[in-house]
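Written out below as structure tokens is the structure these notes cover.
The values are calculated or read from the model by the stated rules, or taken from the named source; none is laboratory data. It should be emphasised that the depicted structure is a prediction, and the values quoted were computed from it without experimental measurement. Reconstructed Cβ throughout: ideal geometry from the backbone, glycine too, with neighbour counts over all protein chains shown. The area values use the complete protein model at the heavy-atom level, side chains included, leaving out ligands, DNA and RNA. Shrake-Rupley method; radii C 1.70, N 1.55, O 1.52, S 1.80 Å.
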Amino acid sequence: EETMSEASDKKYYTLEEISKHNSQEDCWLIIGNLRNGGPKVYDVTSYLDDHPGGAEVLLDVAGQDADEFFEDIGHSKDAREDLKKFYVGEYKVDEATLQKMKEQAESAAKASQGGGSSVIFILVAILAIAFGYYKTQMS
């Protein structure tokens with residue numbers, strides 16, 4: 001839990017501000033979503049040469065929301081810890097973007113729940129086909 005003073009000490013950046021930091025000399029990324037504490041802004045300029053995946057992948061998403069790429073790669077716990085060193089502030093999300101993020105989080109949650117029912121459906125279908133085949137072989 002953070003105290004009020006910590007919360008007010010945080011710097012907030014708009015996408016317009018962040019998008020200016022999109023070069024090898026000045027590289028910022030937005031990483032984070034509603035499931036992991038919200039979108040945060042990181043200055044990874046000094047890390048470009050050390051990034052195991054190469055500087056190029058970071059520069060491709062410099063000055064923008066890189067959360068989806070960060071999550072899709074499946075970074076380790078160590079990588080997530082390292083990221084904290086480059087924290088510069090919070091991403092100031094407008095209401096429309098926040099709403100979109102909430103919808104994406106909900107649809108992602110639904111997709112992970114709904115995935116199970118399609119597996120069951122497929123298993124039932126396979127069993128039905130197998131049973132049908134078995135019946136035709138027996139007669």
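Structural remarks
- Low-density loop positions, trypsin sites (Lys or Arg not before Pro), segment 1-85 - DSSP coil, at most 14 other Cβ in 10 Å: Lys10, Lys11, Lys20, Arg35
- Taking 25 Å as the straight-line reach from the Cα of Lys10, the lysines in range (excluding those fewer than 8 positions away in the same chain) are Lys20, Lys40, Lys77, Lys84, Lys85, Lys92, Lys100, Lys102.
- Once Rg and Dmax of the Cα atoms in Å is calculated for the structure shown, the corresponding label among [x] 22.3, 79; [y] 18.1, 57; [z] 15.1, 44 turns out to be [x].
- With all protein chains in place and ligands, DNA and RNA left out, the 1.4 Å accessible area ranks Tyr87, Tyr12 as Tyr12, Tyr87, largest first.
- Against the chain, whose longest principal axis is taken from its Cα atoms, helix 95-138 shows a tilt of about 20°.
- Distance (nanometres) between label positions extended 7 Å along Cα→Cβ at Asp43 and Gln137: 7.0
- For Gly38, the residues whose amide H sits under 5 Å from its own are Asn33, ignoring neighbours fewer than 5 places away on the same chain, with H placed 1.01 Å from N.
- Look at the dipole of the chain built from charges on Cβ: of Tyr42, Cys27, Ala128, the Cα furthest out on the positive end belongs to Ala128.
- Residue-wise HN-Hα coupling along segment 63-69, computed from phi with Karplus coefficients 6.51, -1.76, 1.60 (Hz; x: Gly, Pro): x, 9, 6, 9, 4, 4, 5
- Each DSSP beta bridge with both residues in the chain is either parallel or antiparallel, and the antiparallel ones are about 75%.
- Mean residue ellipticity at 222 nm, helices only, the chain: -16500 deg cm²/dmol; runs of at least 4 DSSP H residues each add -39,500 (n - 2.57), and the sum is divided by the number of residues.
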